[in-house]
Amino acid sequence: MALGLWVATAHVAGGQSPSSLERGVYSMAQAARGKAHYEAFCASCHLGDLSGSLAADTGAPPLRGAPFLASMAKTGIASFFDHVKATMPFDDPGSLKDADYLEILTYLFDVNGFPSGPDELTLVDLPRVRVPDPAR
């Protein structure tokens, strides 16, 4: 799938330039830790393959594919992180450490085909990370 760039938010933290998920904004080790957290806290609802258990208006939405990426692009990575932290896990929202939520997010990036890089993604980085527009 050819992916163009779309700036998810007009706000850029600290005047830093935006960075695309296509440029490896997380480390593979970080995503591997995220996979373990995902399996422990998310897979029971969102399923092991991230396809979700959405049925009509109930269940968990998919966390992979063009509709998911378009939604994350629209809200922005930082807002998506805040939403997940405030509402997940479903049975105990906000119960994980910020680092755990961040690692799960990087696992979602990995599963959605974005390359890893040498550095770990930090909370400070979130507002400046762009999501490629899956429609391009």
TODO: Name every residue in segment 31-48 that is part of a loop (DSSP other than H, G, I, E, B) and either surrounded by 14 or more Cβ atoms within 10 Å (Cβ to Cβ) or within 15 Å of the chain's Cα centre (by Cα) (or both), in order of residue number.
DONE: Cys42, Leu47
Task: Residue tally, condition in contact with a Gly (Cβ under 7 Å, 6 or more places away or on another chain) and crowded, with 19+ Cβ neighbours inside 10 Å, over segment 52-84 - done: 2
Open item on the list: Anything in segment 51-106 that is in a helix (DSSP H, G or I), without any contact (Cβ under 8 Å) to a residue 60 or more places away in the chain and among the basic types (Lys, Arg)? List them, or say none.
Closed with: Lys85
- [ ] Could you tell me whether Leu121 is in a helix (DSSP H, G or I), touching a Leu at 6+ places or on another chain (Cβ under 8 Å) and either crowded, with 18+ Cβ neighbours inside 10 Å or small (Gly, Ala, Ser) (or both)?
- [x] no
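Computed from the coordinates by the stated procedures, all read-outs in this text should not be read as laboratory data. Remember, predicted model here, so these are calculated numbers, not experimental data. Cβ sites come from the backbone with ideal geometry, for glycine too, and all protein chains shown count toward neighbours.
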